[in-house]
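Undergrad: Quick one: structure below, then a few questions.
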Amino acid sequence: YQPIMSLQTSNVFSFEALARLRTKSMGLVSPAEFIPLAEVTKLIIPLGELVIVSAFHFLNTLKERGYDEIGVSINISAIQLLAPDFADRLFESMEMMQINPRNVSLEITESVFVSDYDDVNIMLETLRGAGVHIAIDDFGMGHSSLAREKELKVDFLKIDKYFIDKLQDKDLSTAITSDIISMSHKLGHKTIAEGVEYENQLQWFY
């Protein structure tokens, strides 16, 4: 679980659930390897449900320890999102495990909108209507147009780590990170920077 910190309060307000696979024969397998395979074989649906349930258990552990305002962010694939019963099963799990929807954020990539834009947006409206937050993951690395970005039913834009790493370059004149942040705010979204590891990177967000 990777912490997400608010610069307004300097406190952790959420965690991102990161899926990892460890096998006896191959050891630790990168998500870049097993996630695409899981999507091709449609195993991403049962795998995704395991991740969701695990994340909800984590939320309940936090709540038991007095941190009932901290949320969890879960990556969702297009295959999961467009499954006919996705929302129903998600809400059922929330009810069964007594999860506050406002403590849950679902992360999807820009590429989801390329072929199923309208269907995805309708689904996002349903989820947001129930209190679930929606974030666009890897923002700046996808294929959707700026015109469509403004129409997306999302709460957060998550700037890809590529642009955060660029803030370490000697020639900062080529870094467009601040422009992406400004654009995100003008589109009416909150912004999450992924992979901030150094003080000089952090300074760009104050």
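The values are calculated or read from the model by the stated rules, or taken from the named source; none is laboratory data. Because the structure is a prediction, the values reported are computed rather than measured. Every residue, glycine as well, gets a Cβ built from its backbone with ideal geometry; the counts of neighbours run over all protein chains shown. Side chains are part of the model used for accessible areas, which takes the heavy atoms of the whole protein and leaves out ligands, DNA and RNA. Shrake-Rupley method; radii C 1.70, N 1.55, O 1.52, S 1.80 Å.
Undergrad: Could you tell me which of the residues 189, 133 is at pLDDT 75 or above and more than 17 Å from residue 81 (Cβ to Cβ)?
TA: Only one candidate qualifies: 189.
Undergrad: Please give the number of the condition residue 68 fails out of (1) in contact with a helix residue (DSSP H, G or I) (Cβ under 9 Å, 6 or more places away or on another chain); (2) in contact (Cβ under 8 Å) with a residue 40 or more places away in the chain.
TA: Going through the list (1) in contact with a helix residue (DSSP H, G or I) (Cβ under 9 Å, 6 or more places away or on another chain); (2) in contact (Cβ under 8 Å) with a residue 40 or more places away in the chain, residue 68 breaks only (2).
Undergrad: Only one of (1) modelled with pLDDT under 90; (2) more than 27 Å from residue 191 (Cα to Cα); (3) under 17 Å from the mean Cα position of the chain (by Cα) fails for residue 47. Which number is that?
TA: Unmet condition: (1).
Undergrad: Mind checking whether some residue in the stretch 76-90 is at positive phi and in contact (Cβ under 8 Å) with a residue 24 or more places away in the chain?
TA: no
Undergrad: Mind telling me which of the residues 145, 178, 182, 173 ends up being at pLDDT 80 or above and more than 19 Å from the chain's Cα centre (by Cα)?
TA: 182
Undergrad: How about the stretch 60-86: which of its residues are open to solvent by less than 50 Å² (accessible area, probe 1.4 Å) and touching an Asp or Glu at 6+ places or on another chain (Cβ under 9 Å)?
TA: 62, 72, 73, 74, 76, 77, 78, 80, 81
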